[in-house]
Amino acid sequence: QEQNPPRVVNTWFEKIQLRGYAQLRYNGLFETNPDLKCDQCDKSWGGDNGGFFFRRIRLIFYGQIHPQVYFYIQPDFASGGGNFAQIRDAYFDLAFDKKQEFRVRIGQSKVPFGFENLQSSSNRLPLDRNDGLNSAVPNERETGLFFYYAPQKIRERFRFLTSSGLKGSGDYGMFGLGIYNGQGPNQQDKNRNVHVVSRFTYPFEFSSGQILEASFQGYVGNYIVTRNNPASTDQVEFKDFRYGPTVVLYPQPFGLQAEFNWGKGPEYDPELDDVLESPLQGGYILANYRILKGKDVIIPFTRYHYYKGGKKFEIDATRHRVKELEVGFEWQPHRNFELVCMYTFSDRTAENSLNPSNRQKGSLLRLQAQVNF
Amino acid sequence: QEQNPPRVVNTWFEKIQLRGYAQLRYNGLFETNPDLKCDQCDKSWGGDNGGFFFRRIRLIFYGQIHPQVYFYIQPDFASGGGNFAQIRDAYFDLAFDKKQEFRVRIGQSKVPFGFENLQSSSNRLPLDRNDGLNSAVPNERETGLFFYYAPQKIRERFRFLTSSGLKGSGDYGMFGLGIYNGQGPNQQDKNRNVHVVSRFTYPFEFSSGQILEASFQGYVGNYIVTRNNPASTDQVEFKDFRYGPTVVLYPQPFGLQAEFNWGKGPEYDPELDDVLESPLQGGYILANYRILKGKDVIIPFTRYHYYKGGKKFEIDATRHRVKELEVGFEWQPHRNFELVCMYTFSDRTAENSLNPSNRQKGSLLRLQAQVNF
Amino acid sequence: QEQNPPRVVNTWFEKIQLRGYAQLRYNGLFETNPDLKCDQCDKSWGGDNGGFFFRRIRLIFYGQIHPQVYFYIQPDFASGGGNFAQIRDAYFDLAFDKKQEFRVRIGQSKVPFGFENLQSSSNRLPLDRNDGLNSAVPNERETGLFFYYAPQKIRERFRFLTSSGLKGSGDYGMFGLGIYNGQGPNQQDKNRNVHVVSRFTYPFEFSSGQILEASFQGYVGNYIVTRNNPASTDQVEFKDFRYGPTVVLYPQPFGLQAEFNWGKGPEYDPELDDVLESPLQGGYILANYRILKGKDVIIPFTRYHYYKGGKKFEIDATRHRVKELEVGFEWQPHRNFELVCMYTFSDRTAENSLNPSNRQKGSLLRLQAQVNF
């Protein structure tokens, strides 16, 4: 409890480090349709819920506490509907070798399925992740065991891709293989059945210095759906699998990024008023251009994304049809501050037994101020 | 995510700092009326809920992370009814100039309306804020944008007023102007309408060294009231404005402090069983005397405060009539520990549709131990 | 608020320190009876709730901020059913003398009743505390005032017992006396009545270096039981007292540990369908052997524990009959990582008005990975 022994020679503040970031948004300008919402993206869209809104307030406690043990604990202080503190990541990496090329990650962490899912929200250009791949893993995270391998040279390349401002994903291995609960983070599992995920990625570096990363990933498991007014005979457990490729041309200065996935999972059918196992697909393409002007970085970007399938973690595995085009820019006057301004044109269908006919179209301007500390 | 680049040359613990304080209370002695309560002040008053009680457990992460960027994140760990961690402040100051005379504060922070509202609870003499001005801004805080201006000399004076132990408010500018959601902190806005606040203050320093601060402040907006059993025809949105002066004679050694505000806002009417837009007014006067005895500081004080109006953030904008006299003292044996002992004589009316006739009188002794770290 | 003065000459990171630990579990292997559960121990036992599960994610902020003031704030980030941050400890020690032999502890902290209750979960060998003594103080903690006395020599011995890896309890004094709310931590008291606890312990050191600690402890108070469907005539306040001895032979290398307690408290009676004041008793015996192999520490252990009585903090003061045998080992490759593997054979009865006949027997394998940072 109290007055435990000093566990090492060096001081606590050399072993444990702290950093963080916060994102404040304003989504209320030029909104054409108050019924256009996206629960998974940002709960302050649409309705009367406009106003200034913290999307994320993150503190990250981390450190290499032992030559072969790394820890990472990241609570979010903008959670629970009232800015409560809730865990996002809580994991520790145990390396098998001194160079840390082989590691197992234990705890709650990002599931290696999709580049945009793995990339930190503090680095992503569009304000929210694409529905197509983000619907695979709610909040991108799960609790389980994840094995990662990358040779030292590739680890350094992953590091460069974030440290240089090229907005890489961080190091989730050249090869990853994991098992996890499968019902989402911060809750107990609901079946005796793990999900299995695997991913292979390679960041090619050309003689020009240009880097191109290509990946392929897939997962499989069973998911328990929460149904509105369930009868005891209603099916709640469904097959849940997906696979697909990623290509990222890093913005040196022109960047291009595309991902897609196919699979099967639960989806509400408005005609039968039932949840069925259905095919799903979705993805996006993003283009961006990185302009350096003195100390300033300005990155105009555009993304088109698309999803056709159910969202398993919503009630009745809500049926979604999403087409969205975004055009905007990010401005970084220095490392500690970023401003994103983005126009969204959206066509979203979200249907379940509570709302069996709900297609909404519209557009709005979205603003975000981010501080990195 | 992980292994982000080192963002600056200096170490994290020179850029980010941590401090905090905690307040433990015991309100159960010599209580004459268990039905005398004050929800806004301290939920451990009255009823059977006596006992030891943490009013605040605060950790403050802050730092000047860039010559022109300051961040401040303060969760409270005594929130949510069960000592959960919830954000109080989360803001960043962007300065326009190197001297930081012109700043905009972005995020959730104190609304510049009233000296006692702005003063930290760790510095206030009475255990709770006065109902008169604190009912203007629940929890004193809102999310929005706040512009502050103060010349360097005045900024130093504000700094001196806290560092010297004179219990100043901190630096919220000589002039402040802000826009904010208006429905209270840690929740989404409920209308598409910002509140606007402004304040002017000046700390006069006389040749004797005595400092006198005079302020004037006001705000205006629309507020959505939560009604018990609302009919669809019931009005929920009400005008909400207030204005008033502050005078603070700092305790060198005798101090005097007075604030008042007038305005209009929603208020429950027990006769009509309805919520009406009604005039409101309230304020207080506080006297104190700062005794230095060796290393000890002892500050006897007395405050009389008064409020007549609705509390917009309570159900049905509960009708309040408050008259309260407090007599007590604060004892600081050193910077890290404080003890407050205070006798309260109270006459409180709090009426809404659930409890349309409720006037309570009584007295009690209140104790608080505070640790600053 | 902001820009408060530097309170001391030394830097914040020399005064405030941070450490922590996290425990990830998997209870799903070789489970013979899914209806065998233990709510108080670990909510991921039994049912369909298998899977990877964080039992604790702790960050501890602490420090000697003044020669006579120590503070300790420990939130848990695996609380509230969804990995929210909630306070476990929040206390400050005020020492009366420079040697800190006489101290009063103010705030929420462990109640000095039972060695295993006081020992940190990061040090305990079995995954959960024994029902017999842990049912005395839910979550082991309460808010109140606790006086502790230990002479300097004994304080050093307590320190050695944790720093050496012998898994001591930490320093709760040679003599302790406390008053506290009595309804459990992180909530308000429900009666105007404190609990009183006292404990005497002495760690004998033999000339061989072998240490044997013997203690006796007891508490008394009144407890308010939460009843299912209470009639207004139902009794809710019950007498609540316990007392009993502890003996710990520290593992140098063979260790033996035994505790027992007797007392009275509320307990559900399935025949009368009522809650009665009833006698209770329970305890355990634990044997372990500490093997040092190079840098590795391996500790095989076995524990038998037993409880017969009500659990006052469960609905209707649920009637419990517990017999449990555990066999396992802890492996520490280094200070930063521990693995526990433990087989549990259990026979548990847990009956209240919602479930008046519920005896479950079975066995399961339990695994835990712990990281200390």
(Q) I'm trying to understand the selection: among the residues of the range B:132-154, which are assigned to a helix (DSSP H, G or I) and farther than 21 Å from B:ASP89 by Cα? (A) B:GLY132, B:GLN152, B:LYS153, B:ILE154
Q: Test A:GLU314 against the stated conditions and say whether it is surrounded by fewer than 22 Cβ atoms within 10 Å (Cβ to Cβ) and away from chain B (no Cβ under 14 Å).
A: yes
(Q) For the range B:217-256, which positions are more than 13 Å from B:GLY310 (Cα to Cα), touching a helix residue (DSSP H, G or I) at 6+ places or on another chain (Cβ under 7 Å) and surrounded by 21 or more Cβ atoms within 10 Å (Cβ to Cβ)? (A) B:THR246, B:VAL248, B:TYR250
Q: Might you let me know whether the range A:134-151 holds any residue that is touching a residue at least 40 places away in the same chain (Cβ under 8 Å), open to solvent by less than 10 Å² (accessible area, probe 1.4 Å), within 14 Å of chain C (Cβ to nearest Cβ) and of a type in the set (Asp, Glu)?
A: yes
Q.
Tally up the residues in the range B:163-199 that are in a loop (DSSP other than H, G, I, E, B), within 30 Å of A:ARG56 (Cα to Cα) and of a type in the set (A, V, I, L, M), please.
A. 1
**Q.** Count of the range C:339-373 residues which are under 26 Å from A:GLN68 (Cα atoms) and in contact with an Asp or Glu (Cβ under 6 Å, 6 or more places away or on another chain)
**A.** 3
Q.
Can you go through B:ASP97, B:ASP42 and tell me which one is within 25 Å of the chain's Cα centre (by Cα), more than 9 Å from chain C (Cβ to nearest Cβ) and not aliphatic (A, V, I, L, M)?
A. B:ASP42
Q. Can you find even one residue in the range B:49-69 that is at the interface with chain C (Cβ under 9 Å from one of its Cβ atoms), under 21 Å from B:HIS320 (Cβ atoms) and at pLDDT below 95?
A. yes
Q | Selected residue (criterion: nearest to the other protein chains (Cβ to nearest Cβ)) from residues of the range B:5-17 that are part of a loop (DSSP other than H, G, I, E, B) and modelled with pLDDT of 90 or more | A | B:ILE16
Q.
Considering only residues that are open to solvent by 10 Å² or more (accessible area, probe 1.4 Å) and out of contact with any helix residue (DSSP H, G or I) (no Cβ under 9 Å at 6 or more places or on another chain), which ones fall in the range A:67-94?
A. A:PRO67, A:GLN68, A:TYR70, A:ALA78, A:GLY80, A:GLY81, A:ASN83, A:PHE84, A:GLN86, A:LEU94
Q: Could you look through the range C:182-207, keep only residues that are of a type in the set (A, V, I, L, M, F, W, C) and touching a residue at least 24 places away in the same chain (Cβ under 8 Å), and pick out the one that is most open to solvent (accessible area, probe 1.4 Å)?
A: C:PHE200
Q | Subset of the range A:157-174 [open to solvent by 20 Å² or more (accessible area, probe 1.4 Å) and hydrophobic (A, V, I, L, M, F, W, C)] | A | A:PHE160, A:MET174
Q) Do we find that C:GLY20 is facing chain A (nearest Cβ under 8 Å) and part of a loop (DSSP other than H, G, I, E, B) in this structure? A) no
Q | Residue check, B:LEU177 closer than 24 Å to B:GLY255 by Cβ and either open to solvent by 10 Å² or more (accessible area, probe 1.4 Å) or touching a Gly at 6+ places or on another chain (Cβ under 7 Å) (or both) | A | no
Q.
I need every pair where a residue in the range C:281-308 that is under 18 Å from C:ALA136 (Cβ atoms) has its Cβ under 6 Å from the Cβ of a residue that is basic (Lys, Arg) and open to solvent by 10 Å² or more (accessible area, probe 1.4 Å), sequence separation at least 6 or different chains.
A. C:GLN281/C:LYS308; C:TYR306/C:LYS323; C:LYS308/C:ARG321
Q.
I'm told B:ILE179 meets every condition in (1) touching a His at 6+ places or on another chain (Cβ under 8 Å); (2) within 27 Å of B:ARG19 (Cα to Cα); (3) among the hydrophobic types (A, V, I, L, M, F, W, C) except one. Can you identify the failing condition by its number?
A. (2)
Q.
Which condition from (1) aromatic (Phe, Trp, Tyr); (2) outside any helix (DSSP H, G or I); (3) under 30 Å from C:LYS295 (Cα atoms) is the one that C:PHE160 breaks?
A. (2)
(Q) Can you tell me how many residues within the range C:329-358 are part of a strand (DSSP E or B), in contact with a Ser or Thr (Cβ under 8 Å, 6 or more places away or on another chain) and not acidic (Asp, Glu)? (A) 6
Q: May I ask you to list the residues in the range A:300-311 that are open to solvent by less than 60 Å² (accessible area, probe 1.4 Å) and either in contact with a His (Cβ under 8 Å, 6 or more places away or on another chain) or not in a strand (DSSP E or B) (or both)?
A: A:TYR307, A:GLY309, A:GLY310, A:LYS311
Q: Within the range C:278-299, count every residue that is open to solvent by less than 50 Å² (accessible area, probe 1.4 Å) and under 21 Å from the mean Cα position of the chain (by Cα).
A: 8
**Q.** Qualifying positions in the range A:215-254 - more than 28 Å from A:LEU177 (Cα to Cα) and part of a strand (DSSP E or B)
**A.** A:PHE254
Q) Which of the residues spanning the range B:257-277 are open to solvent by 70 Å² or more (accessible area, probe 1.4 Å) and within 24 Å of B:GLY114 (Cβ to Cβ)? A) B:TRP262, B:LYS264, B:GLU277
Q | Residues of the range A:318-373 satisfying the condition of being surrounded by fewer than 16 Cβ atoms within 10 Å (Cβ to Cβ) and in contact with a helix residue (DSSP H, G or I) (Cβ under 9 Å, 6 or more places away or on another chain) | A | A:LEU354
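The values are calculated or read from the model by the stated rules, or taken from the named source; none is laboratory data. These numbers come from a predicted model, not from an experiment. Heads up, the Cβs are rebuilt from the backbone with ideal geometry, glycines too, and the neighbour counts pull from every protein chain shown. We work out accessible area using only protein heavy atoms, side chains counted, and drop any ligands, DNA or RNA first. Shrake-Rupley method; radii C 1.70, N 1.55, O 1.52, S 1.80 Å.
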